[in-house]
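Report on one structure; see the data block that follows.
The values are calculated or read from the model by the stated rules, or taken from the named source; none is laboratory data. Only a predicted model underlies this, so the values are computations on that prediction, with no experimental measurement involved. Heads up, the Cβs are rebuilt from the backbone with ideal geometry, glycines too, and the neighbour counts pull from every protein chain shown.
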């Protein structure tokens with residue numbers, strides 16, 4: 001059996017290509033797909049190519065930038081929402097940084113309202129890599145802070 005990393009019920013992660021650092025994430029083992037909160041989600045044509053354009057987070061979020069992102073690597077997928085209703089969503093491919101390692105992740109674009117956790121991490125991403133310990137939290141973030149503290153101490 002491959003060694004899996006223990007991750008808590010919530011943590012903080014970086015999404016480098018989206019310019020987000022220490023963003024609150026929540027493990028959602030009841031969801032298959034991972035999701036990120038955004039608004040103004042729209043399929044467009046730019047420079048002769050089909051893209052999906054979206055604005056991340058809510059204006060009330062500290063990292064909100066009111067900056068539209070355009071992504072060429074996307075697909076549409078029927079995803080059941082928390083009420084069990086299937087809805088068509090755009091899914092983008094990006095990277096997430098956890099425990100000092102960059103992982104590819106697919107995130108469905110979802111207008112989730114002013115949620116405490118702008119990113120939900122589903123089973124598809126967790127499988128084979130992580131074991132969720134619901135009694136723990138911020139394990140990746142705490143490790144990052146410890147490494148930073150040690151680095152500063154050794155200078």
Single condition residue 43 does not satisfy, out of (1) in contact with a strand residue (DSSP E or B) (Cβ under 6 Å, 6 or more places away or on another chain); (2) modelled with pLDDT under 90; (3) farther than 18 Å from residue 123 by Cβ:
(2)
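Is it the case that some residue within segment 63-70 is touching a helix residue (DSSP H, G or I) at 6+ places or on another chain (Cβ under 9 Å) and over 30 Å from residue 135 (Cα atoms)?
Of segment 63-70, the ones touching a helix residue (DSSP H, G or I) at 6+ places or on another chain (Cβ under 9 Å) are 69.
Remaining after also requiring over 30 Å from residue 135 (Cα atoms): 69.
Within segment 63-70, one or more residues are touching a helix residue (DSSP H, G or I) at 6+ places or on another chain (Cβ under 9 Å) and over 30 Å from residue 135 (Cα atoms).
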Hey, can you tell me all the residues within segment 10-33 that are crowded, with 18+ Cβ neighbours inside 10 Å and farther than 22 Å from residue 69 by Cβ?
10, 11, 27, 28, 31
Any idea which of 77, 116, 67, 88 is closer than 17 Å to residue 19 by Cβ and surrounded by fewer than 18 Cβ atoms within 10 Å (Cβ to Cβ)?
67
Counting only residues that are part of a strand (DSSP E or B) and in contact (Cβ under 8 Å) with a residue 60 or more places away in the chain, segment 17-55 contains a total of 13
Meets criteria (within 30 Å of residue 147 (Cα to Cα), modelled with pLDDT under 90, within 15 Å of the chain's Cα centre (by Cα) and surrounded by 11 or more Cβ atoms within 10 Å (Cβ to Cβ)) for residue 56:
yes
Which numbered condition residue 104 misses (of (1) farther than 19 Å from residue 56 by Cβ; (2) surrounded by fewer than 19 Cβ atoms within 10 Å (Cβ to Cβ)):
(1)
Tell me which of these residue 105 doesn't satisfy, since it passes every other one: (1) at positive phi; (2) in contact with a helix residue (DSSP H, G or I) (Cβ under 6 Å, 6 or more places away or on another chain).
(1)
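Given the criteria under 25 Å from residue 142 (Cα atoms), modelled with pLDDT under 95 and in contact with a helix residue (DSSP H, G or I) (Cβ under 8 Å, 6 or more places away or on another chain), does residue 3 qualify?
Details: under 25 Å from residue 142 (Cα atoms): yes; modelled with pLDDT under 95: yes; in contact with a helix residue (DSSP H, G or I) (Cβ under 8 Å, 6 or more places away or on another chain): no.
The answer is no for residue 3.
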I'd like to know if segment 40-51 contains one or more residues that are closer than 25 Å to residue 80 by Cα and buried (at least 20 other Cβ atoms within 10 Å of the Cβ).
no
